[in-house]
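Colleague: Okay, here's the structure, questions in a sec.
What follows draws every value from the coordinates through simple rules; no lab data is involved. Because the structure is a prediction, the values reported are computed rather than measured. Methodologically, a virtual Cβ is constructed for each residue, glycine included, from the backbone with ideal geometry; neighbour enumeration extends over all protein chains shown.
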Amino acid sequence: MARTRPTVLVVVAVALVVPVLLAITGVALVATGVLSRPLDTRGEVAFERPLRVPELAASTVEPDGTRVFDLTLQQGETDLTGRGPTRTWGVDGAHLAPTLRAARGETVRIDVENTLPEATNLHWHGHRLPAAMDGGPHTSIAPGATWSPTWTVDQAAATTWYHPHLHGSTAAHLGRGLAGVFLLDDPANDPGGLPGEYGVDDVPLLLQDVRLDRDGTLRDVSTSGAVGGLGSTVLVNGTVGPYLDVTTEAVRLRVVNASTSRVYDLGLADGRALQLVATDGGLLPAPVTTASVPLSPGERAEVVVRLEPGERVVLRSTPPELGVAWPVRGMSGARDAFDLLELRAADDLRASPPLPARLADAPDLTAADATVERTFELGDGQAINGRELDMGRVDEVLEAGTVERWTVRNADGIPHSFHVHDAQMAVAAVDGAPPPPRLGGWKDTLYVPPGGEVELVFRVAEHVDPDRPYVFHCHLLVHHDRGMMGQFVVVAPGTAGGHPGTVDGGTHGHGDLPDDVAAIFPGALRHP
Ligand code: C2O
Ligand code: CU
Ligand code: CU
């Protein structure tokens, strides 16, 4: 009896403790996404709603030629699901934003009025413009205030976009619906032959994965976890399960990944090839025929799809190749797949010309042109080169007109990306090798997998302002909001050495949300 008691105790203890430990481990693995079920909506989307195509924003032209847009940031209600309305944010409407359009050489002014209950801002992602107009974290538009940036468009035709960029609340504000497309035209360099009738054969597709409750309530993106919130429903221009009636043989889809963390790999469900014609900064040198196009948050891709009369084909995202180890695959969405949009060709299709063989000049910069080199290491928490954002610190001082080579390395085990304001960059190398053809144009945002390295070459724009920084950052917005960002200023040639390395840190513009906003958007991000 006395001899068996310890054995019994051990058996009882093991019998009690092991299941508890297993349960805790299981909950942890599911919670972090390691064991979660992949999301896969392939073949399951009903495509019952016509795709919403954002209106082209109205503009007026002032006597001096300035094109003026008037935008109002507002709250509203939207029935996204047919199961009831939900609170959303929008620009000139309840949800999302109109498409802005301007041509190279035009001066634009955008009057942005904030009628929201909290401060926010707008950043013109992909534009080359003075730092004070850029709408980075140093710009805050208080409730009731109007901000009026103005600049002259001086870059190639491109699909750019606009979204809030306030430090600490970007993911939440974008997720609620503050996002729009900004098209730039360059008639003098139009190769011709590309579909170009807005809303007919030239259609923007803004992708956002969101969390929707059973009653249709839009939830704020989760800001927990290593990679951030992944939604289970992908909105295309705010539409759940959309279809698009196509009336021409070819249709150009300008896809913007406006998701906070999700990477897509876009292709057609029947496996037919796409023609990739443009990326972030504009047209590729030539169309690239490809089965799929990977697209990380912030990136854009323009694809041309050819259709037969009467057919239906689905634009789909298959599991993206993120280069992550298996414990990270679930939490980073590497196993997820979505049906996004059904293209429905009319029985009679208007003829579309074949694509031109040559679209644009290839980027005229190589690594050999660079006179300044910098290295950026992503990782170590949410840091770049070991540091998180400090709005008063200048991390890099650039001289206008210089050609720089930036080497960006992901030293982390999780996905990151790299976006630079005021720059369009040539990709000189990916992991030491020449880049694939799809990266053969100008880029402002690139996915960088764990262990990966990209080499970027760009000419610093001529917008000198030693007091006002631009930023570079990871565009996975949860990392971005946690401060995975650095600042640079552009100074006159020959003056970098004299810069103090600091700027006015300004007001952060974030902080606790008003109670009514927190109640409407449970889980809304609160900055520490
Ligand atoms: Cu899409 Cu710093 O931004
Ligand atoms: Cu940007
Ligand atoms: Cu990141």
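Colleague: Can you work out ³J(HN,Hα) from phi for every residue in segment 309-324, in order, using Karplus 6.51 cos²θ - 1.76 cosθ + 1.60 and θ = phi - 60°, giving whole Hz and x for Gly and Pro?
Modeller: Per-residue couplings from phi come out as x, x, 8, 10, 9, 9, 7, 9, 10, 9, x, x, 7, 9, x, 10 Hz.
Colleague: Still on this structure, I have one more. Relative to the Cα centre, what is the charge dipole magnitude of segment 82-185, using +1 at the beta carbon of each Lys and Arg, -1 at the beta carbon of each Asp and Glu, and rounding to the nearest 20 debye?
Modeller: So the dipole magnitude of segment 82-185 works out to roughly 300 debye.
Colleague: For Ser232, Ser140, what's the fewest-to-most ordering of other Cβ within 10 Å of each Cβ?
Modeller: In increasing order of surrounding Cβ atoms, one gets Ser232, Ser140.
Colleague: Right, something else. Give me the distance between the Cα centres of segment 398-415 and segment 241-264, rounded to whole Å.
Modeller: 30
Colleague: Can I ask one more? So, with +1 on the Cβ of K and R and -1 on the Cβ of D and E, and no other charges, what is the size of the charge dipole of segment 284-415 about its Cα centre, to the nearest 20 debye?
Modeller: Dipole magnitude for segment 284-415 comes out near 400 debye.
Colleague: What residues qualify as long-range amide H neighbours of Thr86, i.e. H under 5 Å apart, gap of 5 or more or another chain, H built at 1.01 Å from N?
Modeller: Thr78, Asp79, Leu80
Colleague: Just rank Thr152, Thr86, fewest to most, by other beta-carbon atoms within 10 angstrom. If you can, show how the numbers build up before the last one.
Modeller: Values: Thr152 14, Thr86 24.
Sorted ascending by nearby Cβ count, the order is Thr152, Thr86.
Colleague: At a 10 Å Cβ-Cβ cut-off, how would you order Asp348, Asp134, Asp465, fewest neighbours first?
Modeller: So the residues, fewest neighbours to most, are Asp348, Asp465, Asp134.
Colleague: Could you tell me what percent of the DSSP beta bridges with both partners in the chain are antiparallel, to the nearest 5?
Modeller: Around 70 percent of the beta bridges assigned by DSSP in the chain are antiparallel ones.
Colleague: Just want the answer: with Cβ charges of +1 for Lys and Arg and -1 for Asp and Glu, which residue in Leu244, Ala325, Asn257 is farthest toward the dipole's positive end in the chain?
Modeller: Positive-most Cα among the choices belongs to Ala325.
Colleague: Lys/Arg Cβ at +1, Asp/Glu Cβ at -1, dipole of the chain taken about the Cα centre: which of Leu268, Tyr470, Leu16 is farthest positive-ward?
Modeller: Towards the positive end, the residue furthest out is Leu16.
Colleague: Still on this model: Using helices alone, what [θ] at 222 nm do you get for the chain, with -39,500 (n - 2.57) per DSSP H run of 4 or more residues, divided over all residues and rounded to the nearest 500?
Modeller: Details: 5 runs with 49 residues, N = 528.
The per-residue figure over the chain is -2500 deg cm²/dmol.
Colleague: Give the distance, in whole Å, between the Cα centre of segment 474-502 and the Cα centre of segment 51-116.
Modeller: If we compute the Cα centre of each part, the gap is 29 Å.
Colleague: Right, next: Can you give the Kirkwood hydrodynamic radius of the chain from its Cα pairs, in Å with one decimal? Walk me through the intermediate numbers first.
Modeller: Details: mean 1/r = 0.0417 Å⁻¹.
Computed over Cα pairs of the chain, the Kirkwood hydrodynamic radius comes out at 24.0 Å.
Colleague: If R0 is 45 Å, what FRET efficiency do you get for Val20 and Asn385 from their C-beta distance, rounded to 0.05?
Modeller: It comes out at approximately 0.60.
Colleague: Using a simple charge model, +1 on the beta-carbon of Lys and Arg, -1 on the beta-carbon of Asp and Glu, nothing else, what dipole does segment 232-350 show about its Cα centre, in debye to the nearest 20?
Modeller: Magnitude of the dipole: close to 280 debye.
Colleague: Whole Å is fine, so just give me how far the alpha carbon centre of segment 266-323 lies from that of segment 223-238.
Modeller: The two parts, judged by their Cα centres, are 21 Å apart.
Colleague: What order do you get for 449-458, 108-117 when each peptide is scored by the mean count of other beta carbon atoms within 10 Å, highest first?
Modeller: Going from most to least packed, we get 449-458, 108-117.
Colleague: Find which of Leu307, Ala360, Val293 sits farthest along the positive direction of the dipole of segment 275-363, computed with +1 on the beta-carbon of Lys and Arg, -1 on that of Asp and Glu, about the Cα centre.
Modeller: In segment 275-363, that residue is Val293.
Colleague: ³J(HN,Hα) across segment 272-287 via Karplus (A = 6.51, B = -1.76, C = 1.60, θ = phi - 60°), whole Hz, x for Gly/Pro?
Modeller: 5, 6, 9, 9, 7, 10, 8, 10, 2, x, x, 5, 6, x, 8, x
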